[in-house]
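Scroll down for the structure; my scribbles are underneath it.
Bear in mind that the values in this text are calculations on the coordinates, not laboratory data. Keep in mind that this is a model prediction, so the values were computed, not measured. Neighbour counts run over all protein chains shown; Cβ positions are idealised from the backbone, glycine included.
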Amino acid sequence: MPSAIAAAVAPANLERTIDSLDATVIDAERRKALLARSFELRSGREKPGRYWKIDLDALDYDRLSTTGTATAPKITAPQARGLVACDLATAAREHGDLLARAFGIAVRAHDNKFAALATALCNAGAFIYVPADVAVDEPIEIAYDARGALFPYTIVFAEHGASVSVIERISGQNDAFVCGVSEIATGESAAVTYAAEQQLPSDGQAIFTRAAKPGKDSNVVWCVADMGARLTVGSIDVIVEYSGIDAQINSLFFPRDDQHVDVVSTVQHNVGESQSQTIVKSAATGRGQARYLGNIRIAPHAQGTESSLRDDALLLSTRAHIDSVPALEIGANDVKAYHGATVGALDDEQIFYMTSRGIAPADAEKMIALGFFEPVIGRFPTNALRERLRAALEAKVS
Amino acid sequence: MNTDSSQATSPSDRGLIIRDLRAGVAGNHILKGINLQVEPGRVHALMGPNGSGKSTLAFSLTGHPNYQVESGSVTLDGQDLLALPPDKRAKAGLFLSFQYPAAIPGVKVANFLHAARQAVRPGDLTPGKFRALLMEKLETLDMDPTFLGRYLNDGFSGGEKKRLEMLQLAVLQPKYAVLDETDSGLDVDALRAVGESINALRKTDEGKQTGFLIITHYPRILQHVEPDVVHVMMDGRIVKEGSAELAQRIEREGYDKIREESEQLA
């Protein structure tokens, strides 16, 4: 085990992070066990291509600084009856029972290298709890500002008939290393939208495990935008265990310069009569490298499932590379499953069409590239977030 | 003293003037010496059977990268078009209505029109006035304002695409407009709508000055838009010119008769 990590899990350091957490959901013994587990497990991600430079099973943790890096997120929430929206330490102190109920429903840290690491070293986090039949009418914003190594754990739990939108913003200082977990769990007929906007500096690293387990007749929407960091590793899952669920995974990323992005999404339909939609738009320029693996798994008895996967990748330089792999495993016969994937450069006919109207070629390319992301940007909550994403994309194509 | 006349426009330079244009695509010689002059404020029809080179002419004029001009000249009010990239040709005042306009998902019609108008006429309208112009043109063309919020040609029917080309023509107000088979693939109602929209534009102050080159296989759009001159193209050459009556003759007799006559002349 790397020495920086070993130091991080030393009892003195753990106490400095979130000691109250240990009393409720995770104690020092379990942290140690998960940490060991993290180094036993393989990431399960092979190097996607020959230009891909980073081995996810041999990340360099020794340079990480984990002392004094714990930072509670800034949380902005509207008023709503019974709503809990606080940092994890406060939640553990004041809402221990609720937190214990919600923790670990969707994410199985024991089975996932990076979720195990994030849980073992958790030094920041947020807890959002929405009571039954409460509609939180404005999005809750959770802003993490990472210094050194940050291991944020964000939990959203919506009871029967509740609805909420959460926007997670991840920014940080140079060299920030962020390894986090986000999980969503709901009761019946609930609705949760969870948007994540990662804008770390260009030498940062971001590793996120995100999973949702919606209740019967519930809607769950993931919107994940990975813009910054030199390395982004994401997994975005929805586990469908009930009927009547409507789940969406929306993801966009755009490596440029030497950025690497590796995203895997999985919708696991274990029960039928539910639907899911996965939409991924990615672009790469400079020496940007990306790999996307889109899994749709429909269990043999999950009849009546309707599931689609749309994945488009745009290459804006000859040295950029995107590997895009849709993977459908369909065990049931009475289902509707669609998938479509494209990888390509900007279309010459589109550019010619725009230039024939007087638009300069560089501007035409920019408009087309930005337009390419619009169908997925349109699914992100709030105009302010959409505008921030457009600005970030525009900076990348400039 | 009048030694530097490269930027000057004398009355005789006025027009979209094509001289002995030879051009092709993928190594095939298609245009074999086209001579044609489109005058401001006039409607020229360019007719010809399939494969005669009409679309090659349209793309050569606008500078499509797949089309190679071998020799000849094209000037727009005295300016050498062939020396310019496509965007500069548009700025010079040329417009092509595409037979198959590209769909560009994610780019809204309103934003595209604004970018294009800004490109060809930088800063001439405030956003508010631009919006007013858009609304006025939509009304002239009897188009629904919801068009503006849709993605460019994305999921448009054939008729909607042609209507949008006409809207662009109206908003960009070019000096010369080349309409490439704008009538193809349209049903009778859509064809009438397109014809009426061209006529409506021709009644506006700017439209009165616009020179039109309407490229068509069938004479039927010319029942809605009366041409001042008809040019007939075959095998990469203009073989016959005449008045609107020539289009009616083609309607009655087809192209074969004209082909025979031109071959006898040759």
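Neighbour counts of C-beta atoms inside 10 Å place B:L179, A:L393, B:L138 in the sequence B:L138, A:L393, B:L179, starting with the fewest.
The ranking of A:V376, A:V261 from fewest to most other beta carbons within 10 Å of each one's beta carbon is A:V376, A:V261. Summarised as an ellipsoid, chain B has semi-axes of 29, 23, 17 Å, derived from the eigenvalues of the Cα gyration tensor scaled by 5 and square-rooted, with the largest first.
Springs join every pair of Cα atoms under 10 Å in this Gaussian network model of chain A, and among A:P300, A:P381, A:P139 the largest mean-square fluctuation is at A:P300. Looking at chain A as a GNM with Cα springs under 10 Å, which of A:A185, A:A332, A:A290 has the largest mean-square fluctuation? Between A:A185, A:A332, A:A290, it is A:A332 that shows the largest mean-square fluctuation.
Looking at the stretch B:161-266, the DSSP beta bridges with both ends there are about 50 percent antiparallel. Among beta bridges from DSSP that stay inside chain B, the antiparallel ones total about 60%. Karplus-derived 3J(HN,Hα) values for the stretch A:363-373, using 6.51 cos²θ - 1.76 cosθ + 1.60 with θ = phi - 60°, are 5, 4, 4, 5, 4, 5, 5, 5, x, 3, 7 Hz; glycine and proline are entered as x. A helix-only calculation puts chain B at -11000 deg cm²/dmol for mean residue ellipticity at 222 nm, using -39500 (n - 2.57) for each DSSP H run of at least four residues, averaged over all residues.
Assuming a ≥ b ≥ c are the square roots of the Cα gyration tensor eigenvalues, decide whether the stretch A:3-344 counts as rounded (a/c under 1.5), prolate (otherwise, with a/b larger than b/c) or oblate.
Here the stretch A:3-344 falls in the oblate category.
The modelled label-to-label distance between B:K208 and B:Q264, using points 7 Å beyond Cα along the C-beta direction, is 4.4 nm. Got a sec? Which residues in the stretch B:176-220 would a label at B:E136 touch, if it sits 7 Å along Cα→Cβ and we count backbone N under 12 Å? In the stretch B:176-220, the label zone of B:E136 (backbone N under 12 Å from the point 7 Å along Cα→Cβ) covers B:204-207. Multiplying the residue separation of A:R81 and A:Y338 by 0.36 nm and subtracting their alpha-carbon distance yields 88.4 nm.
Annotation: the residues A:K113, A:K336, sorted from fewest to most other C-beta atoms within 10 Å of their own C-beta, follow the order A:K336, A:K113. If both residues of a DSSP beta bridge must be in the stretch A:3-344, then about 5% of such bridges are antiparallel.
If R0 is 60 Å, the Cβ-Cβ spacing of B:Q248 and A:S308 corresponds to a FRET efficiency of close to 0.65. In this structure, the residue pairs whose Cα-Cα separation is over 23 Å, taken from B:K54/B:K161; A:K216/A:K336; A:K281/A:K366; B:K108/B:K161; A:K281/B:K88, are A:K281/B:K88. Go ahead and collect, in residue order, the members of the stretch A:367-398 whose backbone nitrogen is under 19 Å from a label point 7 Å along the Cα-Cβ direction of B:Q118. Answer for the stretch A:367-398: A:367-374, A:387-398. Net charge of the neighbourhood of A:Y129, taken over other residues with C-beta under 15 Å away and scored Lys/Arg +1, Asp/Glu -1, is -3.
Count the net charge of all other residues whose Cβ sits under 10 Å from the Cβ of A:R169, scoring Lys and Arg as +1 and Asp and Glu as -1. Computed value for this residue: -2.
In the protein assembly as shown, what is the volume of the convex hull around the alpha carbon atoms, normalised per residue and reported in Å³?
Enclosed volume per residue, from the Cα hull, is 195 Å³.
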